[in-house]
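Just so it is clear, none of the values below were taken in a lab; they were calculated from the coordinates. Treat the numbers as computed from the prediction; the structure is a model and nothing was measured. No Cβ is skipped: glycine too gets one built from the backbone with ideal geometry, and neighbour counts run over all protein chains shown.
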Amino acid sequence: MRGRARLISYLGFAALAVGLIVILVGWNGAAGTDRIQGQLPYLLSGGFVGLAFVTVGSALLLLDGARRDRAHLEQTLRELTDAVERMSSAPAAGWQPTMSTSEDTVVVGAHSFHRPDCRLTVGKTGLKRVVRSQAIAKGLEPCRICKP
């Protein structure tokens, strides 16, 4: 595949060079003739044929550039997909599932109970941990901030 892509690039440059040479030859031939009727064939044949070669060469170079860009994007997408798959298969450091059952552990305060990660209880010492149903049985209210 790499050799074919390189060939397309070389063909594009060659067609572009041939087109410019044909245009210059046509212009030189027209410049060497004094009569307009004698210049017209040089300009038409050299101009149109040269323009066709320049157009084909430019198109080949544009297509080669687009192919290179696509290959680069596909490689980047593969790397991104691999990274996402690696990240999804490994749990994040320190990740803990959220408490969702009624028998989860809560931190008991003076009048309410909190989730262990509640900002009102983080860093405080001497707090007691109990099961949520025990905190409710003692008549404690759930925290309005962390809503355990």
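A single entry from ALA52, ALA66, ALA31 fulfils the requirement of being of a type in the set (Gly, Ala, Ser) and over 30 Å from SER9 (Cβ atoms): ALA31.
Looking only at residues of the range 32-67 that are assigned to a helix (DSSP H, G or I) and among the hydroxyl-bearing types (Ser, Thr, Tyr), we find that the one that is surrounded by the most Cβ atoms within 10 Å (Cβ to Cβ) is TYR42.
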